[in-house]
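Enquirer: Have a look at this one before I ask anything.
The values are calculated or read from the model by the stated rules, or taken from the named source; none is laboratory data. Worth saying up front: this structure is predicted, and the values here are computed from it rather than measured. FYI the Cβ positions are ideal-geometry reconstructions off the backbone, even for glycines, and counts take in every protein chain you see.
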Amino acid sequence: MGMSYIGHGVYSFPEAARLLKLPVATLRTWLLGVPGREPVTPGDYLQTRHDQKILSFLDVMDTFIIKGLREYKVSLQYLRKVRDALAHDLSTEHPFSSRRLLTDGRQVFIHFADEFGGEKLKEVLTRQHAFPSVLVPYLKQIAHDERTDLARCWNISRGVVIDPTRAFGKPIVASTGIPTGILAAAFEANDEDAELVADWYGVDVQEVRHAVAFEESLKEATAA
């Protein structure tokens, strides 16, 4: 019997790239590598399933944090080294999903900046005075499991969450669990009448608007 993906999230590369607002090619490079270059972080699934490679929720969360570090021009070469060292020290294959990055990340990364000569990252740390100020907008979106310290759900947008234990990890309205895509499609198909859609699905009008705003943000990122 094959492994069960229930409760762990299942995402195709195009789907994950859409949620992360990244080009699919970039996501593939980070998780699969390119000839002569190892991946930045190895994924959980990444095997062929119906001729399609798939990712787990923690793969997506790792990539979300990598994206944040890349926005500070931290090199992929450096991130590979950091990832391997963190995986060893934190005893997890998903170190970028660990709550410890928020609680003691500054000390962790200064240590690696010294050890591996990560001058750019050291510069960022010095300028920001504390590591959490660099990644806190990213890390604050993640709720961590108290037992494992790993990412449990992603508060991806106002009123919207991605939780691998709900709706197979698809974006949902946090309070009701209704997929945002369903509410946004109903809104568009009914003359953008948020009150009507809210009445149909038994949710607040504001929840419909949160779902629509989230789906629109993904469309805008894809079009950019």
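Enquirer: Looking only at the range 146-157, how many residues end up being under 15 Å from the mean Cα position of the chain (by Cα) and surrounded by fewer than 17 Cβ atoms within 10 Å (Cβ to Cβ)?
Expert: Of the residues in that region, 1 qualify.
Enquirer: Do we have any residue at all in the range 57-79 that's at pLDDT 80 or above, in a loop (DSSP other than H, G, I, E, B) and closer than 25 Å to D145 by Cα?
Expert: No, there is no match, as no residue in the range 57-79 is at pLDDT 80 or above, in a loop (DSSP other than H, G, I, E, B) and closer than 25 Å to D145 by Cα.
Enquirer: Name the pairs whose Cβ atoms lie under 6 Å apart, with the first residue in the range 83-109 and under 11 Å from I65 (Cα atoms) and in a helix (DSSP H, G or I), the second modelled with pLDDT of 65 or more and among the charged types (D, E, K, R), and 6 or more positions between them or separate chains?
Expert: Sorted first by the residue in the range 83-109, then by its partner, the pairs are F96/D62; S97/D62.
Enquirer: I've got another one for you. Could you list, in sequence order, all residues of the range 38-56 that are at pLDDT below 75 and over 17 Å from the mean Cα position of the chain (by Cα)?
Expert: Q47, T48, R49, H50, D51
Enquirer: Among (1) surrounded by 14 or more Cβ atoms within 10 Å (Cβ to Cβ); (2) touching a residue at least 12 places away in the same chain (Cβ under 8 Å); (3) farther than 29 Å from S98 by Cα, there is one condition A185 misses while meeting the rest; what is its number?
Expert: (2)
Enquirer: Still on this structure: Of the conditions (1) outside any helix (DSSP H, G or I); (2) at pLDDT below 90; (3) under 26 Å from A17 (Cα atoms), R152 fails just one. Which one is it?
Expert: (2)
Enquirer: For the range 20-35, check the following and say yes or no: at least one residue is surrounded by 17 or more Cβ atoms within 10 Å (Cβ to Cβ), modelled with pLDDT of 90 or more and of a type in the set (V, I, T).
Expert: no
Enquirer: Among the listed residues P179, P164, which satisfies the condition of being under 17 Å from the mean Cα position of the chain (by Cα) and closer than 26 Å to V208 by Cβ?
Expert: After ruling out the rest, the residue left standing is P164.
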